[in-house]
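The values are calculated or read from the model by the stated rules, or taken from the named source; none is laboratory data. Keep in mind that what you see is a predicted model, and the values were worked out from it rather than measured. Every residue, glycine among them, receives a Cβ derived from its backbone with ideal geometry; neighbour counts consider all protein chains shown. These accessible areas exclude ligands, DNA and RNA; they are computed on the full protein's heavy atoms, side chains included. Shrake-Rupley method; radii C 1.70, N 1.55, O 1.52, S 1.80 Å.
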Amino acid sequence: MKRVNVLLALLIASSLFLGVNAQSKLKLAHVSSTELMKIMPGVDTVQKALEIYYTQLEDEVKAMVAEYQQKVADYQDKLPTMSQSLQKVKTEEIQDLQARIQRFQADAEEDYQKKQMELLQPIKDRVEKAIAEVAKENGYSYVFDSGLGVLLYQDESDNIFELVKKKIGIK
C-alpha cells in the first residue's frame, strides 16, 4: 500500500511539475518482463549452462558426503578397538568434514545465484532497453511491470508486450 501511495504521489507531483493540464492525459502501459524473459533468445543456452554448473556443484557435494559416510562407517567399525585419544581425533575429523560440507553447500548456493545473475544480466539489460525504447517511441509516461506483481490495478493502460517483442526481434 505504501508503494501505491508513493507512486500516486510521484504521478501527481510530476503532473503538476510538468504543467500537465486537465485536458492532457498521462499515457500508461504495462508489460510482463517475466514473460519476455521466458521467450528471449539465449535463455535456453543460459539455462543449460546453469544446469551444468549446478550438476558440478551437486557432484562435489555428493563426493564430500560419500567421504563423510565412509569416515563414519570406518569410525563405527573400529570404535571398539580405538583408544580414547584416537576416538577424539577421529570424532573431530568427522565433525570438521561435516562443517566443511555445510560451508560448501552454503557457498555453492551463493555461487550458483551469482552465476545465474551473471549469465542472465545481459538478457535482462536487453529487455529493459527494449521496454525503454518502446515507451519513448510510443510516448508512454510510465510502464508498469505486470510480471513482478507490482500492478495492482489496470485501467486505460496499454500492454506493450508485442511491441517489445518486435523491438527485440522475437516473432
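Remarks
- Residue list for segment 25-84, filter: among the polar types (S, T, N, Q) and in contact with a helix residue (DSSP H, G or I) (Cβ under 8 Å, 6 or more places away or on another chain): Ser32, Ser33, Thr34
- Summed over segment 1-48, residues that are in a helix (DSSP H, G or I), modelled with pLDDT under 80 and open to solvent by 40 Å² or more (accessible area, probe 1.4 Å) total 13.
- Hey, Leu163 out of contact with any Asp or Glu (no Cβ under 6 Å at 6 or more places or on another chain) and either part of a loop (DSSP other than H, G, I, E, B) or under 28 Å from Pro41 (Cβ atoms) (or both) or not: yes
- If only residues of segment 132-147 that are within 10 Å of Val31 (Cα to Cα) and in a helix (DSSP H, G or I) are counted, the one that is modelled with the highest pLDDT is Ser146.
- Checking Thr81 against (1) of a type outside the set (Gly, Ala, Ser); (2) surrounded by 13 or more Cβ atoms within 10 Å (Cβ to Cβ); (3) over 30 Å from Asn159 (Cα atoms); (4) at pLDDT below 95, the condition it does not meet: (2)
- When Gln121 is tested against (1) over 30 Å from Gln56 (Cα atoms); (2) within 25 Å of the chain's Cα centre (by Cα), only condition (1) is not met.
- Segment 117-147, subset small (Gly, Ala, Ser) and closer than 12 Å to Ile160 by Cβ, residue surrounded by the most Cβ atoms within 10 Å (Cβ to Cβ): Ala130
- Residue match in segment 94-109 (condition: open to solvent by less than 60 Å² (accessible area, probe 1.4 Å), of a type in the set (A, V, I, L, M) and touching a strand residue (DSSP E or B) at 6+ places or on another chain (Cβ under 7 Å)): no
- Residue check, Lys129 in contact with a Ser or Thr (Cβ under 9 Å, 6 or more places away or on another chain), charged (D, E, K, R), in a helix (DSSP H, G or I) and modelled with pLDDT of 90 or more: no
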